[in-house]
């Protein structure tokens, strides 16, 4: 890999790594002040579990040659223990046989399970969460990531995932495998756990929410830009579309808030920004700059409407993972069909620019399969675990707060000195 490409990819890796404290800050600020540290523990603890499993065998499940040539799951033994990554392979390849891609995809997996923490915030045992995280990475994330991220190479006899290579899905950086997957999984986990007993209330610290959201925006540049694979035109292009969609998302969300409630909020601003970023993730390489603005604006506007519905349905996806990541990912994937610009690097011609509707069916199939698989398997994992041993904390622990009860620490020490 040329030095310039390697330098950008390492920088992108660092940016994506920042998404973990960013997500923890964003989520913890939305909770009450008694479960702040627990959210940090959940996000970073799940990342730790993911890193061990990913190095052992999950990387092979994601990017390995499909078992039986079916495009369902990669060979878990192919990159066992990252054994091929201890020597310099020179030219990196898209299949993922060099050390950087192994580490980069590891972070994709880890941030996905971090998003799922929304469905368990403030009421799940920490040990149960770590076990759940490991099972989810193996049984939910790895198959979906293989379907979407792994390309076939007929000349080398290499078979990738069916969604990418047979169905012909267009998903630039994980709208399906990361965002829709995590959103649907968060809802399934929330339904198994049940709603919180204490009143939800407003976020305890909007500054934390704003800081966390800003760090996530920063990290998203690496998330989408690094997927380009080097310091090239594609990286430059997707960084621009990502930037535009994030800012347009702010406008889309706060406008809906203003119309529906009569005011706009900081929480809405940050939520709209994240929604716009989620929306552009599957389409960052396929839309024009104007299209990126439209994707970000409309994704956030739809999310704002869905969050209102979710509140009425009383589904305690505490931190709106399904609304922001699930719905935002769906809208972003569908907008490839409408706003795709043939001149963009992705080469997708949307129906608004003379394209046909063939891609719509492919995107709808991918969306439906992703949501059904993620929700169903996550619900099954959580239900079986809960039958073996309750995974939810007691009412007393929940009322006292998970920070003090589970971790013997508090985020804020207000006692007089």
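Give the residues of region 393-411 that are closer than 16 Å to residue 41 by Cα and surrounded by fewer than 19 Cβ atoms within 10 Å (Cβ to Cβ), sorted by residue number. Residues satisfying the conditions are 404, 405, 407, 408, 409, 410. Residue 76 meets all of the listed conditions (1) modelled with pLDDT under 95; (2) closer than 15 Å to residue 105 by Cβ but one, namely (1). Of everything in region 58-79 that is part of a helix (DSSP H, G or I), in contact (Cβ under 8 Å) with a residue 12 or more places away in the chain and out of contact with any helix residue (DSSP H, G or I) (no Cβ under 6 Å at 6 or more places or on another chain), the residue that is surrounded by the fewest Cβ atoms within 10 Å (Cβ to Cβ) is 69. Condition check: at pLDDT 95 or above and either outside any helix (DSSP H, G or I) or buried (at least 19 other Cβ atoms within 10 Å of the Cβ) (or both). Does residue 235 satisfy that? Yes, satisfied.
Criterion first (on the phi < 0 side of the Ramachandran plot and at pLDDT below 90) does residue 97 satisfy it? Yes; evaluated as a whole, the condition is true for this residue. Could you tell me whether any residue of region 382-391 is surrounded by 18 or more Cβ atoms within 10 Å (Cβ to Cβ), closer than 21 Å to residue 28 by Cβ, in contact (Cβ under 8 Å) with a residue 12 or more places away in the chain and touching a strand residue (DSSP E or B) at 6+ places or on another chain (Cβ under 9 Å)? Yes. So is residue 90 assigned to a loop (DSSP other than H, G, I, E, B), at pLDDT 95 or above and more than 23 Å from residue 187 (Cβ to Cβ) or not? The answer is no for residue 90. When residue 204 is tested against (1) surrounded by fewer than 23 Cβ atoms within 10 Å (Cβ to Cβ); (2) modelled with pLDDT of 95 or more; (3) farther than 14 Å from residue 373 by Cα; (4) in contact with a helix residue (DSSP H, G or I) (Cβ under 9 Å, 6 or more places away or on another chain), just one condition goes unmet, and that condition is (2). In region 222-255, which residues are without any contact (Cβ under 8 Å) to a residue 24 or more places away in the chain and under 15 Å from residue 279 (Cα atoms)? Answer for region 222-255, where residues must be without any contact (Cβ under 8 Å) to a residue 24 or more places away in the chain and under 15 Å from residue 279 (Cα atoms): 239, 243. With respect to (1) in contact (Cβ under 8 Å) with a residue 24 or more places away in the chain; (2) more than 24 Å from residue 48 (Cα to Cα); (3) part of a helix (DSSP H, G or I), the lone exception for residue 160 is condition (3). Scanning region 305-319 for residues that are buried (at least 24 other Cβ atoms within 10 Å of the Cβ) and closer than 20 Å to residue 249 by Cβ, we see that the one that is modelled with the lowest pLDDT is 317.
Given the structure, is residue 135 surrounded by fewer than 17 Cβ atoms within 10 Å (Cβ to Cβ) and closer than 15 Å to residue 46 by Cα? Spelling it out, it is not the case that residue 135 is surrounded by fewer than 17 Cβ atoms within 10 Å (Cβ to Cβ) and closer than 15 Å to residue 46 by Cα. For region 385-397, the count of residues that are farther than 20 Å from residue 117 by Cα and either outside any helix (DSSP H, G or I) or modelled with pLDDT under 95 (or both) is at least one.
Taking the numbered list (1) modelled with pLDDT of 95 or more; (2) surrounded by fewer than 22 Cβ atoms within 10 Å (Cβ to Cβ); (3) more than 22 Å from residue 209 (Cα to Cα) in turn, residue 282 passes all entries but (2). The helices (runs of 4 or more DSSP H) located wholly in region 264-378 that include 2 or more residues which are touching a strand residue (DSSP E or B) at 6+ places or on another chain (Cβ under 9 Å) and in contact (Cβ under 8 Å) with a residue 24 or more places away in the chain occupy 289-313, 328-339.
The values are calculated or read from the model by the stated rules, or taken from the named source; none is laboratory data. Keep in mind that this is a model prediction, so the values were computed, not measured. All Cβ positions, glycine included, derive from the backbone under ideal geometry; neighbour counts span all protein chains shown.
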